[in-house]
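Each remark here refers to the structure printed beneath this line.
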Amino acid sequence: MADQTYDYDVLVIGAGPGGYVAAIRAAQLGLKTACVESRETLGGTCLNVGCIPSKALLHASELLDEAQNGHMATWGITANATLDLGVMMAEKVKAVGELTGGIEFLFKKNKVTWIKGRAAFQDAHTVKVGDDTITAKDIVIATGSSVTPLPGVEVDNAAGQIVDSTGALELSEVPEHLVVIGGGVIGLELGSVWRRLGAKVTVVEFLDMLLPGMDTDVRKEAGKIFKKQGMDIRLKSKVTGATVNGKKVSLTVEPAAGGDAETIEASHVLVSIGRRPNVDGLNLEAIGLELNKRGQIDTEHDFRTKVDGVWAIGDVIPGPMLAHKAEDEGIAVAENIAGQTGIVNHAVIPGVVYTMPEFADVGMTEEEAKEAGHQVKVGKFPMMANSRAKANRDTDGFVKVIADAETDRVLGVHIVASLAGTMIAEAALAMEFGATSEDIAYTCHAHPTHAEALKEAAMAVQGKPIHM
C-alpha cells in the first residue's frame, strides 16, 4: 500500500521505453505506481514515431529493393514489383498499434495507473496534471527527447515539405528529391528508406565523415557504402536556410569552414541534426533542479537527482539517447527506489544503425581506447571471407575487435554487416563478462553463420585468423 501521506509510492513522468519500464518494474516490486503520459498511446517516441515505425519501413523498403534492383534476380527470381505506399504505411501503423496496445495491456496486468496529460512540479513530491494534483513519495522524470531544430529551416510536418523524423515516417508520396540534413543514424536510416522507394537522396553533413561518434573505420566504410547505393553525400557542408515555393524547397548550402553558398532544389527536406532533452513545462524551477550546460538533468550513478525523492532516466540525462539504455535505467531506478541495487553498466551499451548493411558498435572506438591510455591490439575480418555471407551474396562490411594489448580484454567491437544489430549482442555479452579476445576466439561458433566473423576477428587480434 502507498504511504498514507501520498497518493502513490512512485510516479513516473513519461511512458517511453524508460518510463513505462520503470513503472512496470516498480509495480512488480510492490510499489503503488502511476505513469503520466500526454500522448494518446503509450511507448513514447520510440514506439510511436521512432524505432518501431522506422524499422517497419526499413524492412518493407528492403523487400522492394531486393525485388527491383537485382538481389532476387541474382538467384534467378524475377518479379515485377510495384509499390503501393498506402498499404505499406498502413502495415507500419498496424505494427505500431500492436506494440503500443501491448504496453497498455502490461500496465493493466501490473496495476500501473495511466494518468493522461502533462505533469508540472509543484514541489518534490507533488505534480499538477491538468486540474488534478497528484502526490508521490518518489517521482521519476523520464520525459525523453525531441528533435533539435535548425535555425533558418522551419519544420512543418503537416505541410510535408520540410519534415523532421516524425514527418519523414508519414510522407504520402515518394519524394522526387529528398535532402537529408545530418549524416547521423536517423538521417541515414530514413534517407535509405526513401531512396529504396524511389527518391533521389542528398545527404548534407557538417563533419568530414558520416555517422559522428562511431569508429573511423566504420565511418569510412559508411561513406563508400551509401555512395555505392546511390546517395549523393555532401560532407563538410552546412544548410543555412530553406525557402518553400509551392512543391519545391530551395536550400542554401555553404562549406562548413565558410565560403561560397550554393542552392540545392529539393521536393522534400528532412531535418535530422540530433535530439534534445524534453524538460520544458516540467516546472523544474519549483523544485530547484538546474540543468547542465547541455540542457540535461545530472544524476548520481543510482539515478537520483540533487533533489531528494526526484530521480531521472533516459534521454533527459547524460549518455547516448537510446531506447535500450533508457529501458535498463528504468529497471535500475525502480529497483533503487524499492531499496534494491539497480545498476547499468554504461561502458557496455550497444548502438545500431539499421540501414542495409547495418552498422553496430559496443564499447570504445579505437581512438577512444588510445585516448584512455590503452595500448591496443586490433583484429579485423571482412564479411567477404565469411562463408554464410558469401553463400548469401551479402558480403558488405567487416568485424573489428579492439583489445587491450597487455590484458587482451576486449575494449570495443565494431561491425558492418547485414546482421550487425543482432551480432553485436554477443560482443556486448562478452564484454559484460570481461571477456578477452582469446575467450571469443576459442568459443565454438555455429557454421556457417555471420557470427563466425566475430570469432575470426577475435582470432585476428591474436594474429591468426583461419579464413584470410
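Each value in this text was obtained by applying a stated rule to the coordinates, not by laboratory testing. Predicted model only: the values in this text are computed from it and were never measured. Counting neighbours? That spans all protein chains shown, and the Cβs are built from the backbone with ideal geometry, glycine included.
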For I13, the net charge from surrounding residues (Cβ-Cβ under 9 Å; K, R +1; D, E -1) works out to 0
Lys and Arg at +1, Asp and Glu at -1: add these up for the other residues within a Cβ distance under 10 Å of K306 and post the number.
-3
Coil-residue GluC sites (Glu not before Pro) of the range 370-463, DSSP, other Cβ within 10 Å capped at 10
E406
Sequence order, the range 267-277: Karplus ³J(HN,Hα) from phi using 6.51 cos²θ - 1.76 cosθ + 1.60, θ = phi - 60°, Hz rounded, Gly and Pro as x, gives 8, 9, 10, 10, 8, 9, 9, x, 9, 9, x
What pairs in K220/K248; K111/K325; K32/K306; K55/K116 have C-alpha atoms more than 30 Å from each other?
K220/K248
So which cysteines in the chain don't have a second cysteine's C-beta under 4.7 Å from them?
C35, C444
Before anything else, pin down the relative contact order of the chain: Cα pairs under 8 Å, at least 6 apart, normalised by residue count, whole percent.
14
Using the Cα centre of the range 162-273 as the reference point, and only Cβ charges (+1 on K/R, -1 on D/E), how large is the resulting charge dipole? Debye, rounded to the nearest 20.
260
Going residue by residue through the range 134-143, the Karplus relation 6.51 cos²θ - 1.76 cosθ + 1.60 with θ = phi - 60° gives ³J(HN,Hα) values, rounded to whole Hz and with x marking Gly or Pro, of 10, 10, 8, 5, 10, 10, 10, 8, 9, 8
Among V193, V410, N110, the residue whose Cα sits farthest towards the positive end of the charge dipole of the chain, when +1 is placed on the Cβ of each Lys and Arg and -1 on the Cβ of each Asp and Glu, is V193
Could you give the size of the charge dipole of the chain about its Cα centre, using +1 on the Cβ of each K and R and -1 on the Cβ of each D and E, expressed in debye and rounded to the nearest 20?
800
Would you list Y8, Y354, Y20, Y442 from fewest to most Cβ contacts within 10 Å?
Y442, Y354, Y8, Y20
Interchain or sequence-distant (5+) residues whose placed amide H lies within less than 5 Å of the amide H of K238 are E254, A256
Which of (i) 37, 30, 22; (ii) 36, 33, 26; (iii) 43, 23, 20 gives semi-axes √(5λ) of the Cα gyration tensor in Å as computed here? It is (i)
Between the range 124-180 and the range 191-208, how many Å separate their Cα centres?
22
Counting other beta carbons within 10 Å of each residue's own, what order do C444, C35 fall into, fewest first?
C444, C35
The ³J(HN,Hα) series, computed from each phi in the range 28-42 with the Karplus coefficients 6.51, -1.76 and 1.60 at θ = phi - 60°, rounded to the nearest Hz and given as x for glycine or proline, is 4, 8, x, 8, 6, 10, 10, 9, 9, 8, 8, 5, 6, 10, 7
Could you give the size of the charge dipole of the range 351-461 about its Cα centre, using +1 on the Cβ of each K and R and -1 on the Cβ of each D and E, expressed in debye and rounded to the nearest 20?
440
How large is the helix-only mean residue ellipticity at 222 nm for the chain, computed as the sum of -39500 (n - 2.57) over DSSP H runs with n ≥ 4, divided by its residue count, in deg cm²/dmol to the nearest 500?
-9500 deg cm²/dmol
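Let me check I've understood the local charge: for V249, count other residues with C-beta under 13 angstrom from its C-beta, Lys and Arg +1, Asp and Glu -1. What total comes out?
-2
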